[in-house]
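Since the structure comes first, as structure tokens, the remarks are kept for the end.
The values are calculated or read from the model by the stated rules, or taken from the named source; none is laboratory data. Keep in mind that what you see is a predicted model, and the values were worked out from it rather than measured. Because the Cβ atoms are built from the backbone with ideal geometry, glycine has one as well, and the counts that use them run over all protein chains shown.
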Amino acid sequence: MTKEEMERNTSAMSRLLTVMEKLRSENGCPWDKEQDHVSLRKYLIEESYEVIDAIDREDDDDLAEELGDLLLQVVFHAEIGRERGVFNFADVADGISEKMVRRHPHVFGDIHCDTSDEVLVNWAAIKEEEKKDKGKVSRRLDIPATFPALYRAEKVQKKAADVGFDWDESDEVKEKVLEEIGEVREAAAKGDKAAVQDEIGDLLFAVVNWSRFFRVDAEEALRESTEKFRRRFYAMEDRIAADGKDLSAMSLAEMDRYWEEIKAEEE
């Protein structure tokens with residue numbers, strides 16, 4: 001990074017901190033002044049997903065804007081912390097810098113790592129030591145409940161696999177998936193809604209486990225399949241409208257013919 005870049009970054013960050021302080025001041029914005037850590041939770045989640053969307057669309061302009069919106073959330077929480085006298089932006093920035101240096105001894109220290117896998121193993125060991133130093137009781141499967149369900153399931157499975165609690169072969173997991181499908185059918189046949197929900201949960205958990213054996217990110221796979229469905233559905237809608245037909249008045253069989261046409265063209 002050049003001296004000019006560093007100076008610009010420093011100036012830009014200082015300006016953003018000043019803007020946020022003004023927004024929260026006595027003569028600032030009524031809405032901004034009302035917010036606290038809890039009320040801002042949903043915006044932090046929304047902005048994170050909008051960053052991901054810009055990445056997926058490979059839109060650099062939108063990505064820069066959405067990263068700014070996400071950074072604002074960090075600054076917002078830091079300003080609230082400063083007002084409460086518990087932490088400020090410098091604490092946040094210094095804290096993550098120290099953590100990155102501490103967890104990368106292969107870059108900033110004398111540890112040697114040749115592969116990403118070695119880095120991750122070392123990272124996990126350092127993280128575990130940090131928890132012990134803070135007197136925290138570490139439970140291996142303590143993954144935040146607020147994570148997306150598929151993502152959390154995969155993280156939990158990986159943590160269990162680290163100590164050998166895992167299937168040996170993907171075919172074993174496949175059999176588990178088929179078993180869970182059978183249990184969903186049995187629960188459905190009995191008309192037991194609670195049991196159906198429970199068994200579908202087990203089925204999804206097994207599918208996530210199976211995807212892990214193929215090194216497939218289940219969350220990413222489902223997101224892409226959902227987008228594929230949306231794309232094909234919109235294309236079907238457009239083609240039906242071009243043919244002068246009303247989608248809502250068509251039978252499933254009629255719509256399916258259009259669907260198969262769109263699908264065949266994509267493939």
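For the range 184-231: of the residues being part of a loop (DSSP other than H, G, I, E, B) and touching a residue at least 40 places away in the same chain (Cβ under 8 Å), which is surrounded by the most Cβ atoms within 10 Å (Cβ to Cβ)? Looking at the filtered set, the residue picked out is Asp217. For Cys113, the conditions (1) hydrophobic (A, V, I, L, M, F, W, C); (2) touching a residue at least 12 places away in the same chain (Cβ under 8 Å); (3) surrounded by 16 or more Cβ atoms within 10 Å (Cβ to Cβ) all hold with the exception of (2).
Quick check on my filter: what residues within the range 146-176 are part of a loop (DSSP other than H, G, I, E, B) and of a type outside the set (Asp, Glu)? Answer for the range 146-176, where residues must be part of a loop (DSSP other than H, G, I, E, B) and of a type outside the set (Asp, Glu): Thr146, Phe147, Pro148, Val163, Gly164, Phe165, Trp167. The set of residues from the range 119-159 being charged (D, E, K, R) and in contact (Cβ under 8 Å) with a residue 12 or more places away in the chain comprises Lys127, Glu130, Arg140, Glu154, Lys155, Lys158, Lys159. Scanning the range 76-97 for residues that are more than 16 Å from Leu16 (Cβ to Cβ) and either in a helix (DSSP H, G or I) or touching a strand residue (DSSP E or B) at 6+ places or on another chain (Cβ under 7 Å) (or both) returns Glu83, Arg84, Asp91, Asp94, Gly95, Ile96, Ser97. With the requirement that a residue be acidic (Asp, Glu) and farther than 30 Å from Leu44 by Cα, what does the range 131-176 give you? Hits for the range 131-176 are Asp162, Asp166, Asp168, Glu169, Asp171, Glu172, Glu175.
Among the listed residues Ser39, Ser48, Ser14, identify the single one that is under 27 Å from the mean Cα position of the chain (by Cα) and either part of a helix (DSSP H, G or I) or in contact (Cβ under 8 Å) with a residue 12 or more places away in the chain (or both).
Details: Ser39 fails: either part of a helix (DSSP H, G or I) or in contact (Cβ under 8 Å) with a residue 12 or more places away in the chain (or both); Ser14 fails: under 27 Å from the mean Cα position of the chain (by Cα).
The unique qualifying residue is Ser48.
For the range 177-191, check the following and say yes or no: at least one residue is under 25 Å from Glu219 (Cβ atoms) and within 25 Å of the chain's Cα centre (by Cα). Taking every residue of the range 177-191 in turn, at least one turns out to be under 25 Å from Glu219 (Cβ atoms) and within 25 Å of the chain's Cα centre (by Cα).
Condition first: in a helix (DSSP H, G or I) and acidic (Asp, Glu). Can you find one or more residues in the range 134-145 that meet it? No, the range 134-145 contains no residue that is in a helix (DSSP H, G or I) and acidic (Asp, Glu). Looking only at residues in the range 98-110 that are in a loop (DSSP other than H, G, I, E, B) and under 24 Å from the mean Cα position of the chain (by Cα), the one that is surrounded by the most Cβ atoms within 10 Å (Cβ to Cβ) is Arg103. Of everything listed in (1) at pLDDT 95 or above; (2) under 25 Å from the mean Cα position of the chain (by Cα), the single unmet condition for Val86 is (2).
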